[in-house]
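Enquirer: Supplied in C-alpha cells, the structure appears directly below.
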Amino acid sequence: MADDVTCGQAVAYLGPSATAVSSDGRVLFAALSDARQVAIVELPDASAIRRVRTPTEPTGLVLSRDGRRVYVTCAAAASSVLEIDAASGEITASFPAGHTATAPTLSPDDKLLYVCNRFDHNVSVIDLEHRKELARVAAVREPVAAAVTRDGRELWVANHLPAGPANQYGVIATAAVVTVINTDTLQTEPVRLITGTTSVRGIALTPDGKYALLVHILGRYHLPAIRVDGSWMNANALTVIDVCRREVLNTVLLDDHWEGAANPWGVTCTTDGRWICVSHAGTNELSVIDGPELLKLLGRLPLGAFSNAAFFDGSSYGFYTTSTGEDVVNEPGILTGIRRRVKLPGLGPRGLAACGSQVYVTEYFTDSLAAVTLTANKDATIHSIALGPKPQWNEVRLGEMLFHDGRVCFHGWQSCASCHPEGRADGLNWDLLNDGEGNPKNTKTLLFSHRTPPAMASGVRPTAEAAVRSGIKHILMSDRPAAEAAAIDVWLKSLAPQPSPFLVHGRLSPAAERGQQLFKSDRVACAKCHPAPLYTDLKAHDVGSRGELDQRATFDTPTLVEAWRTAPYMHDGRYTTIEQLLTEGKHGRVNKLRDEELAGLVQFVLSL
C-alpha cells in the first residue's frame, strides 16, 4: 500500500537508485533501494511524496506509456516484479523473475515486459496481457540494463562484465558485450565492445533509433599501473553503436585532459535528441553532451585516428604511444566544446530520467534528486529535491561512499569501485607493480578480504587493512586522512555473500550434495586447502600456475565463497569456468573422476 511520507516505515537510508518521470512532467517515481520503497513525487516542487513498500530491494522501474502503471523489479535470489497503479500506489500484480532482477523495459505497445536477471545471466520475457512469463533468454554475463528499439523488434541488453579469460591481449582480449535479442524469434547476437570494456552500467537508444549509447569503464590493463592521470589506468567512456550495422561506431572518453570523470553510471537522451546525459557516480556530476555534434565529430574522425596517440601526458605535453589494436578515440578531452560537466548538489548520482528540458538524477548517498534544466545558451539550472531527512551516515555508510567516490583519487580518474564493483572484481588483470613488473594479476573480490589474510594474489600485503591503505596511495595516487581508510575497512567488513544462483530453493541440489562429499573426501582432497567455512586455509601453495615473469611459484589460496561470481580464475585469470580450472589446472585429485562426479563437484563449488 502507499504511505504518506510522514508515516512510512522508519529507515536509516533511502538510497535512491533509479527513476522514471511521467510524460507530462508532473509525477516522478524513484526506487529507494535501501528503504525497500518506491517514492511517488509530485513535481515540480515535491509538494507531496508518497511511498510504496516493496518486499525486497527495488533495483529498477519503468512507467507505462499511458502513465497509469509502473513496473518495479525487486531483487532477490528469486526476484519479483511489481505492477503498481501510478495514481493510487496500490500493487495490482506481481510476477516472478530470476536472480537479482533489474532494468525492467516495456515494449512500445506495453504488452511485453523485459527484465534483466543479473546473476542468472538471462532476460525474462513477461506477457502482461496474459500475466505470465513466456521465456528466459540467455545473455552473456550479468545483464544490468536494456533498451528496446522503436519498432519493438530488438532488445539491446548491456552485460556488466566481460566473460572471457583475462590473460590475453590485443584485439582478441577480454571485453564486455551487448546482447541483441530478436523479440520475435528470441534469437540473440552479441556485439563485442572494445578491449578492456568492463563495468557497463547504462544503455540507451537515441530517439531516432539509429544509435545505441553505452557508458562503462575502459580498463587499460595492458599497461603497468605507474600512474592514474590521463586515463592511464581506467578511462571512463561512452560507446556509440550503429544499430542497423550492429557495429561499434567509436568509443570516446568522458575524461578531460586534467580531470577524470570517474564511474559513469546512467545514460539517457532528451526526447528531441539534442542532449545525451551521463551521470558520473564517482565525481558527482552530469555530463551534458551535444548529441548531433558528437555524431558529427565521430563522422569526421577516420576509424583509428587516435589509436596510436592514446594517452595524453600532462607533465610533458606529449603523448605516450600505445594501442590495443582497436579503433578507439583514446584522447581525454575529445569532447571539449560539445560537453558540459554539471556539478550536482548531492552525492552518488546514478539513475536518470528526462522530460523535455528537465533531467532528473537520483543521488544515492544523500537521499535526494537533482532536477537539472538544460538550455542551449547558458548554464544548466539545478534544483535539489530531498526525498527524506538529511541522512546521518554511520561509519559503514561513510566507508561505502568513500569506496565509490572518485574524489578520493588524484583528480577524480577512478575510485576503489572502478576495479571492484560492489566490492567484487572487474574481470581484468592488472600489473600493480607490488610484486614486480610484467606479471599482471587478476582482480580479486574483496568479500571476506579482512578475514582471509594475506591480501593480493602474491600475498604481498599482510592484511586487507594494509592493502586498502596501499591502494589509496599507489593505485588512487592520493594521500588521504587515516579515518577514510578506516571507514572503508568497516564497509568492506560488512559485505555479505549473495546466495548462489546454483542453489535450489536455498539448498544444494542433489548433484551438488554429491559434489560436497567428494570435496571433503580424501579421494579428491579439495577441503585440505579450502576448508569450510571460509573455504581457504590462509596459506600459499604452488599449484603449477607460475608464469614466465612471475617472481614466485606460490600464490595465496582464495576463498571459494561466491566463486560463481568471480570468474575468471587463477592468479592470472586464465580459466573462465570452474570445470576448466579443475581439469586443465589439475586442482585436487580430479583426473580419475567420472564425468558425473566432476559435474557434481563443479556444482558444489558454484553453490558456495
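The numbers here are math on the coordinates, done by the rules we state, and not lab data. For clarity, every value in this text was computed on a predicted model and none was experimentally measured. Cβ atoms come from the backbone with ideal geometry, glycine included; neighbour counts cover every protein chain shown.
Enquirer: Could you work out the Kirkwood radius for the range 398-494, taking every pair of different alpha carbons, averaging 1/r and inverting it, reported in Å?
Expert: 13.4
Enquirer: In nm, what is the difference between 0.36 nm times the number of residues separating GLU395 and ASP110 and their Cα-Cα distance?
Expert: Contour length minus Cα-Cα distance gives 98.2 nm.
Enquirer: Moving on to the next point. Between ALA466 and GLU579, what is the FRET efficiency for a Förster distance of 35 Å, r being their Cβ-Cβ separation, to the nearest 0.05?
Expert: 0.50
Enquirer: In the chain, which longest range has no chymotrypsin sites (Phe, Trp or Tyr not before Pro) that are both DSSP loop (not H, G, I, E or B) and surrounded by at most 13 other Cβ atoms within 10 Å?
Expert: Within the chain, the longest run free of exposed chymotrypsin sites (Phe, Trp or Tyr not before Pro) spans 318-608.
Enquirer: Let me ask another. Given Cα positions, please report Rg to Rh for the range 126-190, the hydrodynamic radius being the Kirkwood one.
Expert: 1.08
Enquirer: Using the eigenvalues of the Cα gyration tensor, what equivalent ellipsoid semi-axes result for the range 205-287 when each is taken as the square root of five times the eigenvalue, whole Å, largest first?
Expert: Equivalent ellipsoid of the range 205-287: 25, 16, 8 Å, largest first.
Enquirer: Calculate, in nm to one decimal, what LYS520 and ARG131 gain on full extension: separation in residues at 0.36 nm each, minus their alpha carbon distance.
Expert: 135.5 nm
Enquirer: When only Cα pairs under 8 Å and 6 or more residues apart are kept, what is the percent relative contact order across the chain?
Expert: It rounds to 9 percent for the chain.
Enquirer: How much length is gained if the chain between ALA376 and ILE338 is pulled fully straight, taking 0.36 nm per residue apart and subtracting their Cα-Cα distance, in nm to one decimal?
Expert: Additional length available on full extension: 12.6 nm.
Enquirer: Additional query: Between ALA486 and LYS539, what's the calculated FRET efficiency when r is the beta-carbon distance and R0 is 35 Å? Round to 0.05.
Expert: 0.80
Enquirer: Using the structure shown, list the pairs from LYS210/LYS444; LYS444/LYS528; LYS343/LYS444; LYS441/LYS473 with a Cα-Cα distance above 27 Å, or answer none.
Expert: LYS210/LYS444; LYS343/LYS444
Enquirer: Of CYS419, TYR569, ILE488, which is farthest towards the positive pole of the chain's charge dipole, taken about the Cα centre with +1 and -1 on the beta-carbons of Lys, Arg and Asp, Glu respectively?
Expert: TYR569
Enquirer: At most 16 other Cβ atoms within 10 Å and a DSSP loop assignment: could you name the trypsin sites (Lys or Arg not before Pro) in the range 324-427 that fit?
Expert: LYS378
Enquirer: One-quarter of the Cα convex hull surface for the range 153-199, in nm²?
Expert: One quarter of the hull surface, i.e. the mean projection, equals 3.3 nm².
Enquirer: Let me ask something else. Hey, got a sec? Which trypsin sites (Lys or Arg not before Pro) in the range 202-277 land in a DSSP loop and have at most 11 other Cβ atoms within 10 Å?
Expert: Sparse-neighbourhood loop trypsin sites (Lys or Arg not before Pro): ARG245.
Enquirer: How many percent of the alpha carbon pairs in the range 510-607 exceed a separation of 21 Å?
Expert: Within the range 510-607, distances greater than 21 Å cover 28 percent of Cα pairs.
Enquirer: Name the residue farthest towards the positive end of the dipole of the chain from the options ASN236, TRP430, ASN284, assuming +1 on Cβ of Lys and Arg, -1 on Cβ of Asp and Glu, about the Cα centre.
Expert: The listed residue farthest towards the positive side: TRP430.
Enquirer: If you don't mind, another one. Computed FRET efficiency, Cβ-Cβ of SER88 and ALA138, R0 51 Å: what is it to the nearest 0.05?
Expert: 0.85
Enquirer: Can you tell me the Rg and Dmax of the chain, counting just the alpha carbons, in angstroms?
Expert: 23.5, 74
Enquirer: Whole-Hz Karplus ³J(HN,Hα) for the range 602-607, in order, using 6.51 cos²θ - 1.76 cosθ + 1.60 and θ = phi - 60°, x for Gly and Pro?
Expert: 4, 4, 5, 4, 6, 8
Enquirer: Could you give the semi-axes, largest first, of the ellipsoid that matches the range 100-141, computed as the square roots of 5 times the alpha carbon gyration tensor eigenvalues and rounded to whole Å?
Expert: 19, 10, 8
Enquirer: With no solvent and one point per C-alpha, what does the Debye sum give as log10 I(q)/I(0) for the range 326-457 at q = 0.10 Å⁻¹?
Expert: -0.51
Enquirer: To continue, here is another question. Could you give the dipole magnitude of the chain about its Cα centre, charging the beta-carbon of Lys and Arg +1 and that of Asp and Glu -1, in debye to the nearest 20?
Expert: 780
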